[in-house]
Amino acid sequence: MSAALEVSGLVKRFGGLVATNDLSFSLQEGESLGLIGPNGAGKTTVLSQIMGELRQDSGTIELFGQEISALSTSRRIQAGVSRTYQIPRPFGDMNVAENIRVGLMPDDIWKLIVSPPDAERERELALSVGLAESDLLRTPSELAMGDLRKLEMARTMATAPRVMLLDEVFAGLTAGEVAQISELIQSMRKDGMTFLIVSHDLPALEPLIDRAIAIERGIMIAEGAFSEVMNDKSVQASYLGSV
Amino acid sequence: MELRWFHVVLWGGLIAGMFLLPQVVSNGTLRTLIFANYLAVFAISWDVLSGRTGYVSFGHPFLIGIGAYTTAILTKRFDVPVEVSIPLAVLFTMVAGLLVLLPALRIRGSYFALVTLAFMELLYQLVQVIRPDLTGGTRGMSGIQTLTRGAANGYYLSTALMLCIALSMWLLMKTRLGTALAAVGMNEESVRGSGLSTTRLKAFAFLTSAFIAGLGGAFYVHYLGSLAPRAMFDINFLFTIIVSALLGGTSTIVGPMIGAFFMTCLLEYLRPVLPGAERYFVYGAIALILYMYQPKGLVKLVQLTSKA
Ligand SMILES: Nc1ncnc2c1ncn2[C@@H]1O[C@H](COP(=O)(O)OP(=O)(O)O)[C@@H](O)[C@H]1O
Ligand SMILES: [Mg+2]
């Protein structure tokens, strides 16, 4: 059986900086993997390469056994992988329902013209991430950070991914919001979603993942169960060093 | 965003009102309104591309000019009937639009504006030097076949053209496609991150914009009966188009229409007072003040007053 996501020998350089240095890992279907590391370790860069927003210098990325490195971002999303952003990127002049509508759109101009939006599905997605009915007509500027992250989740889920990459899902959230998002992720895990989760909030991350990998300066320094990774000497050194 | 009864009433009222206008106004006013109609067509064309997707074109006269020159040359030099030359002109304009599209797939912002401006300047130079026997060179062309006689008929034709384009664009932009194009203007990366090919969306916006510009340019030249490169590629003409869309309200259809009528009337009523190019200073100032006061355009002001 092939993995849901398999990254091998990934290298990405920015000038002299090696942001991803020969990184390999894989994710089985239904598994949830945590990706941790200090600021600037290269976590976001890994997600961007999986999505094709950045092209790796070398290495391969396979999604359900298919090499996707040559595909555009939209094709990769159609192949079943989708991500959220560290800084939410909503469409500023559109309300919540319209933001989700864009996520639901088929990549087909003709269908966009002839088939109307599915307001019921938009509403369903908004409610499923914990947004309120009354939020549907709000614009992003009227939403708190927690709701922006929920909107980001909803728009990502709208693309019907089988693998979700979450970047710093808990950044800027209140304790209550962290609990809500955690609950959402847990229920999606039960439904079989595969996750790669980047987070600085380690206590919040721990219950959400089966396994973790730690990277520093683009190099993998530890891999295994969350507690093993946290007890690893180089991980502790890198976290201490970064504070 | 389905159709509501008041949409039908408003459009019906607008169409009826515009077609009844020749009963009450003078021929001189009608001639002014003909220009307003064509300006509205060009402003809608500009807005479909630049207002929606945020790719600001400074070269729309390039597209309009291709449409106008193609049909003018075909009818005058080769005796091609207008029924054939106008569709060909539109087709040529769309092909030319594709040429502009190529650099636009990679660049955005001020570079895109500069590239489109360069295309316009290039065409301006080309029509003057290359085959002046066809283009009429620096002096342009006259005696081009006209489609209508008299101000009223010219007004009816331009009104029909403008309303057809406005109504079909309005319907098109109410679909999810309109939402997708607006999304490109707000955050192109997030559109890609939603699984959509932005290249295809942009190509659609470009081609639609070129289609309208070519159609408008072709009809316009067959109304004027003459074609002067200096007027066609005048920077003031370009700015009048852009300011109409900005002033009326971008990313809408009614906005560029209102803007075009406002700009045309403003320029016309300033003419007796300020006959020269100073007029453009005045409209620049008015545009700036209005824009600072209400950046979403006149259409927003109308909506606000009707709600109050
Ligand atoms: N587009 C880019 N160009 C140049 N350097 C970049 C770019 N993106 C990220 N970097 C650098 O790569 C390193 C890893 O960044 P990033 O992946 O954002 O880290 P993390 O998400 O782990 O905090 C950082 O040193 C960052 O400055
Ligand atoms: Mg990051």
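The values are calculated or read from the model by the stated rules, or taken from the named source; none is laboratory data. Quick caveat: nothing in here was measured; it's all calculated off a predicted structure. All Cβ positions, glycine included, derive from the backbone under ideal geometry; neighbour counts span all protein chains shown. Only protein heavy atoms, including side chains, enter the accessible area calculation; ligands, DNA and RNA are left aside. Shrake-Rupley method; radii C 1.70, N 1.55, O 1.52, S 1.80 Å.
At a glance:
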| item | result |
| --- | --- |
| Student exercise, the protein assembly as shown dipole from Lys, Arg, Asp, Glu Cβ charges, in Debye to nearest 20 | 2080 |
| Solvent-accessible area lost in complex, 30 Å² minimum, residues of region A:144-191 relative to chain alone, 1.4 Å | A:155 |
| 10 Å Cβ neighbours from other chains, averaged over peptide A:102-114 | 6 |
| Accessible surface buried once A binds B (1.4 Å probe; total of both sides; Å²) | 2300 |
| Largest-first ellipsoid semi-axes for region A:1-45, taking √(5λ) over the Cα gyration tensor eigenvalues, angstrom | 23, 13, 6 |
| Förster radius 22 Å - calculated FRET efficiency between residue B:270 and residue B:230, Cβ distance, rounded to 0.05 | 0.55 |
| Residue A:191-residue A:2 FRET efficiency (beta carbon distance; Förster radius 25 Å; 0.05 resolution) | 0.75 |
| Whichever aspartates and glutamates have a C-alpha closer than 19 Å to that of residue A:111, once near sequence neighbours (fewer than 8 apart) are set aside | A:98, A:120, A:122, B:2 |
| Cross-link partners of residue A:190 among lysines (Cα-Cα below 17 Å; sequence separation of 8 or more within a chain) | none |
| Dipole magnitude (debye, nearest 20) for region B:176-308, charges at Cβ of Lys, Arg, Asp, Glu | 300 |
| Shape call, the protein assembly as shown: gyration tensor on alpha carbons, a/c limit 1.5 | prolate |
| Dipole of region B:27-233 [Lys/Arg +1, Asp/Glu -1 at C-beta], most positive-end residue of B:182, B:70, B:48 | B:182 |
| Solvent exposure ordering (accessible area, 1.4 Å, most first) of A:12, A:233 | A:233, A:12 |
| Shielding of A:85-97 by partner chains, average beta-carbon count, 10 Å | 3 |
| Efficiency of FRET from Cβ geometry, residue B:171 and residue A:26, R₀ 45 Å, rounded to 0.05 | 0.40 |
| Cα-projected label distance for residue B:99 with residue A:133, points at 7 Å along beta-carbon direction, nm | 5.7 |
| Kirkwood-based shape ratio for region B:27-233, expressed as Rg/Rh from alpha carbons | 0.99 |
| Reach of residue B:202 by Cα under 17 Å, taken over aspartates and glutamates that are not fewer than 8 positions away in the same chain | A:107, A:108, B:47, B:188, B:189 |
| Amide H within-cut-off set for residue A:69, under 5 Å, with H built and near neighbours excluded | A:61 |
| Heavy-atom accessible surface of region B:27-233: percent carbon and sulfur, 1.4 Å | 65 |
| Solvent-accessible area per residue for chain A (1.4 angstrom probe, square angstrom) | 42 |
